[in-house]
Amino acid sequence: MSIASLTDPITPEGGKTRFENLDHWMQGRTLYGGASALIAYTAATRAFPNLPPLRAGQVAFVAPTGPEVELKREIVRQGRNVAQVRSELWCEGKCTLSAFWLFGTEREPNALHAAAEVGDWPGPPEEAEVAMKGKGPAFIQNNFEIRRAQEARGPGAPVVRRWARLADREGLDPVSELILLGDVLPPGAMRAMKRQGPISSINWSFNLLDTSPTTRDGWWLSENASQHADGGYSSERLRLWNADGRQVLDGMQSVAIFG
């Protein structure tokens, strides 16, 4: 099972851990960002099982992560309503991923403002054209189903929008599913690149708008949009909606643009 290969080895004790059969989750010489973020999140929640619901995360992709890691996690602060937890992945004595998770209990709302409806609704995923079949990194071919959610093709406005779902969701809670899937698309800046070249996620920060997100048949509408690209970097806004157009995640990412 592909999901089990990411989560089963993680124990509440943490420490040195070896993950087997990760070839289908690799992106070049490192673990796909969503997969390494899921490992860090699972390490935190298994170490501290009584945390409130996750509200936000900040993930720094520091260096390539391989199958042999040391899992470190600690509660930085736990108040009456909010707990802040740090978890890290270390490989060969060096930190390769550092994550900061914010968990918070629900309170009586003193402000109400719904996220804006998705613009340029692409229609339901069931009617969308299959995309990236036989193309893209191996981790996408092995673990995700991608469908088109915009008319634009090739160079143009720096926005990439696709329907995406995991081929195997068995055993995943909805929040873990979003963490695993949230970093799946290439940056919007890809459409503004003058020539093809490598790209690499440096960090990912997100807020969950729904602590118990749901959708239809596993489909999520994912969008990466470059807000500014220059000097070899792109500032990206990442958003996820469910199959009915309700936004569930709002995020930002810094991406290195090589070539």
> Alpha carbon centre of the range 156-182 versus the range 1-63: separation in Å?
Replying inline: 16 Å
> Using modelled amide H (1.01 Å from N, peptide plane; none on Pro or chain starts), what sits under 5 Å from the amide H of R55, excluding residues fewer than 5 places away?
Replying inline: L102, F103, G104
> Based on the Kirkwood radius over alpha-carbon pairs, what value in µm²/s does the Stokes-Einstein equation return for the translational diffusion coefficient of the range 141-203 at 10 °C and 1.306 mPa s?
Replying inline: 118 µm²/s
> Among E68, E170, what is the fewest-to-most ranking by other Cβ atoms within 10 Å?
Replying inline: E170, E68
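What is the projected area of the convex hull of the Cα atoms of the range 123-259, averaged over all directions, in nm²? All intermediate terms of the calculation are to be shown ahead of the outcome.
Values: hull surface 32.1 nm².
Mean shadow area of the hull around the Cα atoms is 8.0 nm².
What are the semi-axes of the equivalent ellipsoid of the range 99-148, taken as the square roots of 5 times the eigenvalues of the Cα gyration tensor, listed largest first and rounded to whole Å?
Working: eigenvalues 234, 85, 14 Å².
So the three semi-axes of the range 99-148 are 34, 21, 8 Å.
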> Binning every alpha carbon pair distance of the range 1-105 at 10 Å from zero, what are the percents per bin?
Replying inline: 16, 50, 28, 6, 0
>> Quick check on the chain: helices-only [θ] at 222 nm, where DSSP H runs of length 4 and up contribute -39,500 (n - 2.57) each and the sum goes over total residues. Nearest 500, please.
In response: -4000 deg cm²/dmol
> Can you give the direction-averaged projected area of the convex hull of the alpha-carbon atoms in the range 180-258, in nm²?
Replying inline: 5.5 nm²
>> Based on C-alpha coordinates, I'd like the Rg and Dmax of the chain, in Å.
In response: 17.8, 52
> For a paramagnetic label modelled at 7 Å from the Cα of H24 toward its Cβ, which residues of the range 124-142 fall within the zone defined by backbone nitrogen distances under 12 Å?
Replying inline: 139-142
> Expressed in nm², what is the orientationally averaged projection area of the convex hull enclosing the Cα positions of the range 76-116?
Replying inline: 4.8 nm²
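No value in this document is a laboratory result; all are computed from the given coordinates. Since the model is a prediction, treat every value here as computed from it, not as a measurement. Here Cβ is always computed from backbone atoms with ideal geometry, including for glycine, and neighbour counts include all displayed protein chains.
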